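Following: one structure in structure tokens, then a few remarks.
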Amino acid sequence: ADVLRENAEAVFAACDAAHGRWAKLLGVRAVLHPRLKLQEFLTIYNITHEFITATEKIGGRLGYSIRGTLQSQAKAFIDFQHDSRMSKIKAVLDQETWVEIDVPDEFQSIINMLFSSDALSSGNLNGVEEDNSISYHDMATNNDARPMADTGQSNAEQNVEQTDSTEESKKPNRGRSKSVESISTEKDHKKSASQALFYKGVGYHMVNCGLILLKMLSEYIDMNNLLPTLSSEVVHRVAEILKFFNTRTCQLVLGAGAMQ
């Protein structure tokens, strides 16, 4: 019994030392991890979680220290991602021209995904219209139908950050003005001829900031699904960005702030 107890203590001490070393590695990269893309951070998060689980099983005790380190870095990741999106949506709203734009297929797919999950959660699949619903299986087998927040920039993000001034000077204005924040490029027009975003059979005319907000919401949903231990943190930040968007758009449109 003494030998077994001493061996168990030795194994636990070894696992605890491994936890300490791993936590130091995470600590060295604490500034870099929040700035990673979701999929990149998720790789580190999952590997660390697997390591913790395996060593806890071997050592027979929970590694509270390294679990705390991992959780704090995951929270820092959520905080940084949220702050960057808040800054971006503020800039987009301040430069919004409130001109109607076409809706690329990517954004209709996001709405279809949200509508599909809403119907599944309510248990009422009869009310789902065929044109506006998409199954998770279809999303898994169709890359075009799945919004990817972690694989580079979307069309919306790319067009927010850049504009082709050369093409603008060559082409006449045909009723749809193009701004620095314009999400609608000639390439987008070829991809999608949709003039509205459809939800439950109703078409909604969209402006640039609305589509960017929709893309951001899909990214928050990805973070929520892939980091379930931080769901409450994600929910609070979604509420915050929605509250800001509603307040600011009210000031700009109903309050005529955009006139300035």
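The values are calculated or read from the model by the stated rules, or taken from the named source; none is laboratory data. Model, not experiment: these values are computed from the prediction. Remember, those area values only see protein heavy atoms, side chains included, never the ligands or the DNA or RNA. Shrake-Rupley method; radii C 1.70, N 1.55, O 1.52, S 1.80 Å.
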Point to revise | Viscosity 0.890 mPa s, temperature 25 °C, Stokes-Einstein D of the range 53-104 from Kirkwood C-alpha radius, µm²/s | key: 165
**Study point:** Binned Cα-Cα distances of the range 1-72, short to long, each 5 Å bin given as a whole percent
**Key:** 3, 16, 25, 21, 13, 9, 6, 3, 2, 1
**Study point:** Part-to-part distance (alpha-carbon centres) for the range 4-26 and the range 77-112, which is given in Å
**Key:** 46
Revision key, fill the gap. For the range 204-260, the percent of all C-alpha pairs falling in each 5 Å bin, from 0 up to the bin holding the max distance, is 4, 17, 21, 21, 15, 10, 7, 3, 1
Check your understanding: Rank R237, R21 by accessible area, highest first, at a 1.4 Å probe radius?
Key -> R21, R237
Check your understanding: Of K88/K200; K24/K88; K24/K57, which pairs sit farther than 31 Å apart, going by alpha carbon to alpha carbon?
Key -> K24/K88
